[in-house]
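Worksheet: the structure to be examined is printed underneath.
The values are calculated or read from the model by the stated rules, or taken from the named source; none is laboratory data. Remember, it's a predicted structure, so these values are computed and weren't measured experimentally. FYI the Cβ positions are ideal-geometry reconstructions off the backbone, even for glycines, and counts take in every protein chain you see.
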Amino acid sequence: MDINELQRKDLEHIWHPCSQMKDYEDLAPIVIKKGYGVFLEDINGSTYLDGISSWWVNLFGHSNKRINKALYNQSENLEHVIFANFSSEPAIKLAEKIANITPSGLNKVFFSDNGSSANEIALKISYQYHKQSKKTKKKKYVSLKGAYHGGTIGALSVGGFDLYKDTFKPILLDSFNVDGPDCYRCKYDKSRDTCNAECFESMEKTVSKNHEEITAIILEPMLQGAAGMRIYSPNYLKKVRNLCDKYDINLIADEVAVGFGRTGKMFACEHANISPDIMTLGKGITAGYLPIALTVVTDKIYSAFYDDYTKLKGFLHSHSYSGNPLGCRVALESLNIFKDEDIINKINNKAKLLRKKVLNSLSDIPNVGEYRQIGMIGAIELVEDKENKKGFDWKKRVGYEIYKIALKKGVLLRPLGNVIYFMPPYIINEKEMDFMVTKAKESIKEYFNNN
Ligand SMILES: *Cc1c(COP(=O)(O)O)cnc(C)c1O
C-alpha cells in the first residue's frame, strides 16, 4: 500500500478509536484537510460525502460559516474559565435554553464533555439521590440488550453489547441487562407501528422482582443506535415511564445520539410524550464542533443534594473543561439556527425525501432484510437469508467491505455490523442525497456481485 508522509506519521504515533490498528495496513487513515457542507476533502483532493455526520455529531455541515463566526467571536472574549463558583454568559444562556426546550420537569443542567461522562454522571447522581433519600438499597441499574451508553467503565457496565463488554466483564458493575425491543426479529410477531410493546415483559419481570435494589433504568429512547439503528415503539417508553413511577426508579433517557432533531422531534422522548428524570445530551449539541455534554435533571433530584456543606450531600464531580464557553457559545448558535431556519420542519421534509429515495432503490439492492427509518436516520439491514432473517457471519465483515467500496465512490458510510445506515447532516440537499443513496446502492451491489 502506498502511503504518504502524513499517513506514515499517523501510523507511527496514533492509536485510533474503535479500531484494530492492523486493518490500517490495508486501509490507511484518510487524512482530511478540509470540510465544507456535507463534504470532506482529503490531502490528495479526493472528496467524501459525510453520510454519517462524522459519527453522528454534525448537524449543519462542516465549517459552517455562521458557527465559525460565533466561535471566533467567543474566542476573542473568553476561551475557558474554572466552572466551580465561576460561570460564563454562554454557559448560563445554554443552561436556560436547555431547561426550556427539554421535556417538562427537567430543569437543572450539569456540564461535562462527552456522552459517556454524561451517562456516568447520570448513574452517579441517581445512586447518590436515592442514598440521600434514605433508599440505600437502591444501587443497581437496568439497561437493554444492545444498548450503547459509552465506553467508560460505568457506561460500559450498562451497555448491552458483548463485543465491547466481554473483555471487561470481571471489572464491570453488576447490573441487569434485559431483553429490549428487537422489532425486525420480533418474538411476538408484531409490528413496531401497531404493537403494544409486548416485549416489555422482560423489563417488567426483572424490575417488579428486584425494584427494591434498582436505582435507575437507562435507555436510548426510540432508537438503539449502536445496536444497528433499531427503532422501536413509543409504547415501550410509556410503559417504562409508568414502571419507574410505580417503583420509585429514575428513568435516564440517553439522548446523546437522538437529541437535537435526529428523529424528527427535538428530543426522542417527545415521540412518547414522556419526561425522564434524567436526560443526557452530547454529540449533536455543538453541531459537531466541540466536546460538550449535559446531564439534565429534575428539581426533585437536585433538591436531594442541597444542604449545609457539613452534611456532605453535594455532588462532588467535575471535569477540567466543564462549561467550556467556546462549546456553549457554539451550542447556542446551533440552537439559534434551529429556530431561525425552522430546522425541525425541514428535517421532516427531508426525511420523507430520504425514505422515498431509499425505497426506490431498494429493489435494486440484494439481501435487504429491512429498511427502517426515523427522522434523518435511515438503516438498511442486510441479511444472508431474508426468509428466516438470518444475518451474515460477522467474520465476513460484510458491512466493513461495503464501507471500503463506498469510500472509493466518494461516500463515507460506516456500517454497524451489517446495517448500512444514512445519518447525514441536516443541510444535505436533494442532489447530494441522490448521490449518497446511489453510491450506497452501487457499493452494496458491487459487494454482492463479487462475493
Ligand atoms: C455516542 C454515544 C454515547 C457516548 O458518547 P461519547 O461522546 O462517544 O462518549 C452514549 N450514548 C449514546 C446513545 C451514544 O450514541
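All conditions but one from (1) under 25 Å from P103 (Cα atoms); (2) part of a helix (DSSP H, G or I) apply to Y306; the one that does not is (2). Taken over segment 201-222, the residue count meeting the criterion of being surrounded by fewer than 23 Cβ atoms within 10 Å (Cβ to Cβ) and not β-branched (V, I, T) is 10.
Annotation note: Cβ proximity below 7 Å between a residue of segment 276-291 that is polar (S, T, N, Q) and a residue that is modelled with pLDDT of 95 or more and in a loop (DSSP other than H, G, I, E, B) (sequence gap 6+ or interchain) occurs for T280/E255; T280/V256; T286/I292. Among the residues of segment 316-357, write down those that are part of a loop (DSSP other than H, G, I, E, B), in contact (Cβ under 8 Å) with a residue 60 or more places away in the chain and hydroxyl-bearing (S, T, Y). Once the filter is applied, which keeps residues that are part of a loop (DSSP other than H, G, I, E, B), in contact (Cβ under 8 Å) with a residue 60 or more places away in the chain and hydroxyl-bearing (S, T, Y), segment 316-357 yields S318, Y321, S322. Taking the numbered list (1) surrounded by 18 or more Cβ atoms within 10 Å (Cβ to Cβ); (2) within 16 Å of the ligand (Cβ to nearest atom) in turn, Y164 passes all entries but (1).
Only residues that are more than 13 Å from the ligand (Cβ to nearest atom) and among the acidic types (D, E) were counted in segment 240-287, giving 4. Cβ separations smaller than 6 Å between residues 6+ apart or across chains give the following pairs from segment 103-125 residues that are more than 18 Å from T286 (Cα to Cα) to residues that are more than 16 Å from the ligand (Cβ to nearest atom) and of a type in the set (A, V, I, L, M, F, W, C): N107/A99; K108/V297. Residue count for segment 411-436 satisfying the condition of being surrounded by fewer than 22 Cβ atoms within 10 Å (Cβ to Cβ) and either part of a helix (DSSP H, G or I) or touching a Lys or Arg at 6+ places or on another chain (Cβ under 6 Å) (or both): 6.
Exactly one residue out of D23, D42, D2 is at pLDDT below 95 and at negative phi, and it is D2. Report, by residue number, each residue of segment 127-155 that is within 11 Å of the ligand (Cβ to nearest atom) and farther than 26 Å from K239 by Cβ. Hits for segment 127-155 are G151, T152. E220 - would you say it is more than 16 Å from the ligand (Cβ to nearest atom) and at pLDDT 95 or above? Spelling it out, it is not the case that E220 is more than 16 Å from the ligand (Cβ to nearest atom) and at pLDDT 95 or above. Name the residue that is nearest to M229 (Cα to Cα), counting only residues in segment 262-301 that are in a loop (DSSP other than H, G, I, E, B) and β-branched (V, I, T). The selected residue is T263. When segment 359-407 is filtered for residues that are under 26 Å from P29 (Cα atoms) and touching an Asp or Glu at 6+ places or on another chain (Cβ under 6 Å), only I405 remains.
Of all residues in segment 198-229, those being over 20 Å from V258 (Cβ atoms) and in a helix (DSSP H, G or I) number 12. When you look at C195, is it outside any helix (DSSP H, G or I), more than 16 Å from the ligand (Cβ to nearest atom) and not polar (S, T, N, Q), yes or no? Here the answer is yes, as C195 does meet what is asked.
A residue that is in a loop (DSSP other than H, G, I, E, B) and either in contact with a helix residue (DSSP H, G or I) (Cβ under 6 Å, 6 or more places away or on another chain) or on the phi > 0 side of the Ramachandran plot (or both) occurs somewhere in segment 369-382. For segment 358-368, taking the residues that are among the β-branched types (V, I, T) and not in a strand (DSSP E or B), the one that is farthest from I427 (Cα to Cα) is identified as I365.
Scan segment 384-405 and give yes if some residue there is at positive phi and more than 21 Å from the chain's Cα centre (by Cα), otherwise no. Checked against the condition, which is being at positive phi and more than 21 Å from the chain's Cα centre (by Cα), segment 384-405 yields at least one hit.
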